[in-house]
Structures are given as C-alpha cells and as structure tokens.
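The values are calculated or read from the model by the stated rules, or taken from the named source; none is laboratory data. Just so we're clear, the structure is a prediction, and the values are computed from it rather than from any experiment. Accessible surface areas use protein heavy atoms only, side chains included; no ligands, DNA or RNA. Shrake-Rupley method; radii C 1.70, N 1.55, O 1.52, S 1.80 Å.
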Amino acid sequence: MILLEQAKLLTQNMLQRGVIETMAKTSGVLARLPFIEVVGSGYAYNVVDELPSVEYREVNGQYTEGTASLTQTVENLVILGGDADVDLFLTRTHSNLNDIRAIHTELKAKAVSRQFEKDFFVGTGASNSMKGLDKRLAEAIAGTEIKKELSLDALNELLDAVVDGADTLFMSKTMRRKVLNLLQGNNHYIENGTDAFGRQVTMYGGIEIVAVEDSLIPADKIYAVKFGTDSYVHGLSNGGVQVMDLGQLDTKPAWRTRIEFYCGLATKHKKCFAVLNTAESVGASTRAKK
C-alpha cells in the first residue's frame, strides 16, 4: 500500500516527482487514496458481503462450519492522461524554456487529478472511463445510501453505515458550508487537524471533512469513505503516474510532455463507503405533500 504523495519518493525523475506532487496536492481524494500495484490490465478480488459465523462449543464438542459470504469481481485498469504541447514561438520568446513547459505540465497534471477525482464519485465506467462510487452503489456492488435531510442524526447515521468507521467525509464546498453551519449552530465540537501537506483540515468526530470543487461532486451528497487495501476502498495502478518528455515534435512546431496514469478503483466490502443523499430526501418529502 502506498499513497500517491509517497510514490514521488520512489523516483529520481524530477519532472515525474513534480507532477505526482501536484496531483496529490490538487485532489483531496488522491492525497488520501492508497494504491496497490497491479500486474497486467485487470485485478480480480472478492467483495466481503458478510463475515463468517462463529460460536461457543462444549468440551469435546465441534464447531458448525461457517464461511464468509464473498462476491468475486474484476476491475479493469483505465488509461487517464493527456499531452501538454508548448508552441515553439512561446519557447523562443519566453525567458526560460523549462519554465514555460513546467507551467503547462503543471496545469495538465491538475486537470488529470481533477478528472480522477470527479470519476471517483460519479464515473460511469462508459467509454473506457473509471466506475465511481455512485455507479457502484447503483449496481449494488458496494456502498450504502441514506436518503435524509441534512441533520446531526443523518450525519451520525452516515458514519455508522461504514464498516469499521469512515476515514473521510467528502462533500462539495457548498455542502461543507451547510455542514459547518449545522455543527456550529448546535454548538457541536469541531476539531482541526492537518493533512500530508500541513494544510488545516476540519474534523467531525475525528473524521476529516474534505471539500471538493462543486463541479466535481454532486452538491447534495456527502460521501463517507473507509480507505485501505485489505478490505476497503483503494486505488489500482500499473506503473504509477508516468511522465514522458517527448521533446520537439516533427508533426507540428511544439514541445510535448505526456502524462499517463493506468489506474482503477477497488471497493472490497459492501459497506466500505456510504452516501448521504439530501436531494432524494427533499424530493421524497415534496412528493408526499402532493
């Protein structure tokens, strides 16, 4: 198990290190999601539905055999990335070739990390893309959905729905404001911590509250996630984040840098994440009044 931020320490390529750090800093998901290295293009694993049964026995007695309920599934890696081209004119007129290329490479890295983050939540799995948490919930692969209006009781129910306790609460910036108003309005204790980059993080019940750009995550949902490579949510990768300096192109007057990430997602327990859907609760109550 390795976090993306830790992966940069495994390479001596400064360009690659810079891209990995940018991606981890840009995405709250990538800063926390552990990855395992996959050999090949797919990864087969078992989803834990129920733990095996256990019992007490008498002296000289026997146990009744009980086996865990497992569902086998296969995740295929997807290819996420893009090319960052810098026109020769810009490299000739800019004071430093490396600086202008570095700027465009950093922007491409941010775009890749935000696309991954968006697909982590709402990816459909169509057109060779990653299947996110919403799709896994809809297909009953994993996850629990709670349809309630935002309240302290709903937040606590959300946390209780995650096996072994959630690590992180992900939500839009708009939703975070609502959650903080709720907690502060009820004089509820809010803790503060720091992330891997020393940035302050708000916590509720010891669980990080991580805000995601409104355009990347449903505005009316809160995701509680348990991370881990044994039985919870984790990422898949073959070769990590690849960064290639392809040099000056023959096909057009430009320098090109390519970023590619062979990646995927695994959800190894039926209750490794849960979603509080406040939009559905509002819709249901409106229909009931009619």
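For the chain, the equivalent ellipsoid derived from the alpha-carbon gyration tensor has semi-axes of 39, 26, 18 Å in decreasing order. Derived from the Cα gyration tensor, the three semi-axes of the equivalent ellipsoid of region 139-290 are 35, 19, 18 Å, largest first. Only protein atoms count toward the accessible area here, which uses a 1.4 Å probe; on the chain, the carbon and sulfur part of that area reaches 48 percent.
Taking one equal scatterer on every alpha-carbon of region 20-61, how large is log10 of I(q)/I(0) by Debye at q = 0.14, 0.15, 0.35 1/Å? With one equal scatterer per Cα and no solvent, log10 I(q)/I(0) is -0.66, -0.69, -1.13.
Give me the extension gain from residue 251 to residue 177: residue separation times 0.36 nm, minus the current Cα-Cα distance, reported in nm with one decimal.
Working: separation 74, 0.36 × 74 = 26.64 nm, distance 4.91 nm.
Difference between extended and current length: 21.7 nm.
Residue-wise HN-Hα couplings along region 64-69, as the Karplus relation 6.51 cos²θ - 1.76 cosθ + 1.60 with θ = phi - 60° gives them from phi, are 8, 4, x, 10, 5, 8 Hz; Gly and Pro carry x. Overall shape of region 19-131 was characterised from the C-alpha gyration tensor. The equivalent ellipsoid obtained from it has semi-axes of 50, 15, 11 Å, in decreasing order.
Show 197, 227 ordered by accessible area, largest first, where the area counts protein heavy atoms only and the probe is 1.4 Å. Don't skip to the answer; put the middle values down first.
On the way: 197 50, 227 25 Å².
Greatest to least solvent exposure: 197, 227.
Quick one: accessible area per residue over the chain, 1.4 Å probe, rounded to a whole number of Å²?
Values: 15270 Å² over 290 residues.
Spelled out: the 1.4 Å probe surface of the chain, per residue, equals 53 Å².
Over all directions, the average projected area of the alpha-carbon convex hull for region 177-259 comes to how many nm²?
On the way: hull surface 38.9 nm².
Taking the Cα atoms of region 177-259, their convex hull projects to 9.7 nm² on average.
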